[in-house]
Amino acid sequence: MAPQPPKPVETLHKIHPRDEDYQDIADKVRTGEYFREARKMYDLAIHDPMAERYMYVFLTAISLLVLIIALAAAQSLYPLQSEVPLIFNTNDIIEDLPRIQKLQVSKADPAGEAVLRFMVKHYVMIREEYDIATFDRDVNGVKSQTSEEVFREFQAMINPRNPEGPISLYQRHSKRNITIINTKRLPDSMEVIFDAYVESKTEVKKSRWRANIAFKYSGIELDEKGEKVKPVTFLVTKYHAKRLQDVK
């Protein structure tokens, strides 16, 4: 077998066919798209993280500024004026509900006098009102704030055998409600004007009354530290109620 002649050596001037990837890159380089994509990748890798970092720093600074302003506003509220609690003893456990009621009629009104008026009004109401459903509770309330002598008079008045007593007059068919009209401070007592409403199934009878009350009152005193009010004591030593007129 005759030997085959050697293949001719390709010259440098002959170019191999290009791959599709190289062809795409070459086309993108010619059109400039390659450089635009490279710039986008650079932005994603370098510029965007830096922009986000600056945004986080800005938000953090704003948050710290808001926190400082909030702390300064809260600090300006101090020191708070502490309220002195007032202890008022009562056996009225059914109607003792949390409530806020201003007792002073003006800033010049002494706190001790305002509390005294409240206690006197409360005493007159639980003593003069009548409802068979709350009768025992009202009697206990009167007992806790009345001297023994005055309470014996009260017991004689509410005795079922007393024809002028509330039990004999109203029993279960009527109720007696009280509305305080006016209070007047006297040197050694207090005068209270009130209206009484006797409600039955058929009618309502209204009358005006005057009650004179003598009492022992401790007033408002702070403890040794000046932080809390000592328990206030109130004891009725004399009580007299008189009908003034019937009101139509």
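Where a number appears in this text, it was derived from the coordinates with a stated rule and is not lab data. Remember, it's a predicted structure, so these values are computed and weren't measured experimentally. Cβ placement follows ideal geometry from the backbone for every residue including glycine, while neighbour counts extend to all protein chains displayed.
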### Message
From the list S147, S207, exactly one residue is touching a residue at least 24 places away in the same chain (Cβ under 8 Å), at negative phi and in contact with an Asp or Glu (Cβ under 7 Å, 6 or more places away or on another chain). Which is it?
### Response
S207
## Note on the structure
Flagged in the stretch 177-206 as farther than 17 Å from Y239 by Cα, hydroxyl-bearing (S, T, Y) and assigned to a strand (DSSP E or B), in numbering order, are T179, Y197
### Query
Checking V198 against (1) buried (at least 17 other Cβ atoms within 10 Å of the Cβ); (2) more than 37 Å from the chain's Cα centre (by Cα), which test does it fail?
(2)
## Note on the structure
Counted residues in the stretch 128-143 being within 32 Å of the chain's Cα centre (by Cα), more than 20 Å from L235 (Cα to Cα) and of a type in the set (V, I, T) come to 1
#### Entry: Residues of the stretch 143-187 classified as of a type outside the set (S, T, Y) and in contact with a Phe, Trp or Tyr (Cβ under 9 Å, 6 or more places away or on another chain), total
16
